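The values are calculated or read from the model by the stated rules, or taken from the named source; none is laboratory data. None of these values were measured; they are calculated from a predicted model. Using ideal geometry, Cβ is built from the backbone for each residue, glycine included, and neighbour counts are taken over all protein chains shown. Remember, those area values only see protein heavy atoms, side chains included, never the ligands or the DNA or RNA. Shrake-Rupley method; radii C 1.70, N 1.55, O 1.52, S 1.80 Å.
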Amino acid sequence: LIQGESGTGKELVAHAIHRLSPRVHGPFVPVHCAALSRNLLESELFGHEKGAFTGATERRQGRFELADGGTLFLDEIAEIDPSIQVKTLRVLEEQKFERVGGQETLEVDVRLVAATNKNLKEMMEQGRFREDLFYRLYVVVIHLPALRERVGDIPLLAQHFLKNLAKENGKAVDGITPEAMEALAAYPWPGNVRELRNVLERM
């Protein structure tokens, strides 16, 4: 479980976990839970059979199937509906599930990496997130500090982004003045690393 404010780089950490693991040769499959409605998310995660609902014109594999042997990254897991939380818990505990509208039980071997910018423990205590799923996820927890809490990283990140952005845009820019770096370090960065990159691109 990766926790941190929006823009701190949670998906980058998930990618790094995958790349440095024995599953590196398997797929890395990301799902942005907040971007999908309950019905769409269920079909996206577990797949569906032909005719399972209006518009289901063919069988479709879900992300759990596609991530078999690799890593499934569920971004903003706090946003998933309680009914999908139950099905997700079952896959984590039994490594089994059925497609939407299907009866065949499928087995998968998937590492789940989840991320959220919300306080899952608080949500669980308020009854807004399932307790059993919370404790299943709350085994290895990585907290990503906000950029304002790690000001020392700003020069390294700024130089890294500058180098890449100059190359992408064909610009001969190879450094940041001390005054500009001082201004970058003094700013609170509410949008975190993502905002820093965007500011450097705009500059």
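A few comments on the model shown:
- Filter result (in contact with a helix residue (DSSP H, G or I) (Cβ under 9 Å, 6 or more places away or on another chain) and either of a type in the set (Gly, Ala, Ser) or surrounded by 13 or more Cβ atoms within 10 Å (Cβ to Cβ) (or both)) within region 1-22: Leu1, Ile2, Gln3, Gly4, Glu5, Ser6, Gly7, Thr8, Gly9
For (1) of a type outside the set (A, V, I, L, M); (2) closer than 30 Å to Pro188 by Cβ; (3) in contact with a strand residue (DSSP E or B) (Cβ under 9 Å, 6 or more places away or on another chain), each residue gets a yes or a no:
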position: Leu12; (1), (2), (3): no, yes, no
position: His15; (1), (2), (3): yes, yes, yes
position: Cys33; (1), (2), (3): yes, yes, yes
position: Glu49; (1), (2), (3): yes, no, yes
position: Arg60; (1), (2), (3): yes, no, yes
position: Ala67; (1), (2), (3): no, no, yes
position: Leu74; (1), (2), (3): no, yes, yes
position: Ile80; (1), (2), (3): no, no, yes
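- Residues that are open to solvent by 40 Å² or more (accessible area, probe 1.4 Å), of a type in the set (Val, Ile, Thr) and under 18 Å from Thr116 (Cβ atoms) within region 41-79 are absent altogether.
- Test for Phe53: is it of a type in the set (Phe, Trp, Tyr), at pLDDT 95 or above and in contact with a strand residue (DSSP E or B) (Cβ under 8 Å, 6 or more places away or on another chain): no
- Within region 7-42, the set of residues being small (Gly, Ala, Ser), assigned to a helix (DSSP H, G or I) and modelled with pLDDT of 95 or more comprises Ala14, Ala16.
- When region 80-114 is limited to residues that are hydroxyl-bearing (Ser, Thr, Tyr) and open to solvent by 30 Å² or more (accessible area, probe 1.4 Å), the one that is farthest from Glu49 (Cα to Cα) turns out to be Ser83.
- Residue in region 189-200 that is under 14 Å from Thr8 (Cα atoms) and surrounded by fewer than 13 Cβ atoms within 10 Å (Cβ to Cβ) present: yes
- Residue within region 138-148 that is in a helix (DSSP H, G or I) and without any contact (Cβ under 8 Å) to a residue 60 or more places away in the chain present: yes
- Taking region 115-137 as the range and being touching a residue at least 24 places away in the same chain (Cβ under 8 Å), touching a helix residue (DSSP H, G or I) at 6+ places or on another chain (Cβ under 7 Å) and open to solvent by 30 Å² or more (accessible area, probe 1.4 Å) as the test, the residues that pass are Lys118, Arg130, Asp132, Arg136.
- Looking only at residues of region 44-67 that are of a type outside the set (Asp, Glu) and under 18 Å from the mean Cα position of the chain (by Cα), we find that the one that is nearest to Gln95 (Cα to Cα) is Phe64.
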